[in-house]
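Inspection log for the structure reproduced underneath, given as structure tokens.
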Amino acid sequence: MRTLVLGRTPSRVTEVLATLRADGFDAEGVSSDEEARKLLEAEGFGVLIIGGGVEPASRTALKEFAAGHGVRRVIDGALTAPFDAYVRREFEPVIRETAAAR
């Protein structure tokens, strides 16, 4: 299940991606709404993770956009340290559940 991570802090996006990829997930990450829209239009993502720093208006617009482009699940995230443990506890089970429900 391809997963797109959108976060305003590039270093946190990098950390989330590192954990997901290390655990065998196919994930990409971006920091802008425009980049997210371009990938969602073209790449076939099943899950979108939106970081806690994404503004409410952007969050709403991206959820609507994602729904129109085949995204099956949107996860609202607000990382807490340690980030790898948070990703494994909060994001990975949802991604697995979404993939299993195909």
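The values are calculated or read from the model by the stated rules, or taken from the named source; none is laboratory data. Since the model is a prediction, treat every value here as computed from it, not as a measurement. Here Cβ is always computed from backbone atoms with ideal geometry, including for glycine, and neighbour counts include all displayed protein chains. For the accessible areas, the whole protein counts, side chains as well, though only heavy atoms, and no ligand, DNA or RNA atoms are used. Shrake-Rupley method; radii C 1.70, N 1.55, O 1.52, S 1.80 Å.
Below is a table of values for the structure above.
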quantity	calculated
Per-pair calculated FRET efficiency, R0 = 30 Å: A61 and D26 via Cβ, rounded to 0.05	0.75
Whole-percent carbon and sulfur share, accessible surface of the chain, 1.4 Å	51 percent
Estimated inter-spin distance, A78 and E35, nm [label 7 Å along Cα→Cβ]	2.4 nm
The chain - percent relative contact order, Cα under 8 Å, separation 6 or more	33 percent
Per residue accessible area of the chain, 1.4 Å probe, in Å²	51 Å²
Cα pair count fraction exceeding 15 Å, expressed as % - the chain	56 percent
Tensor-based shape of the range 1-48 (alpha-carbon gyration tensor, a/c under 1.5 rounded, otherwise prolate or oblate)	oblate
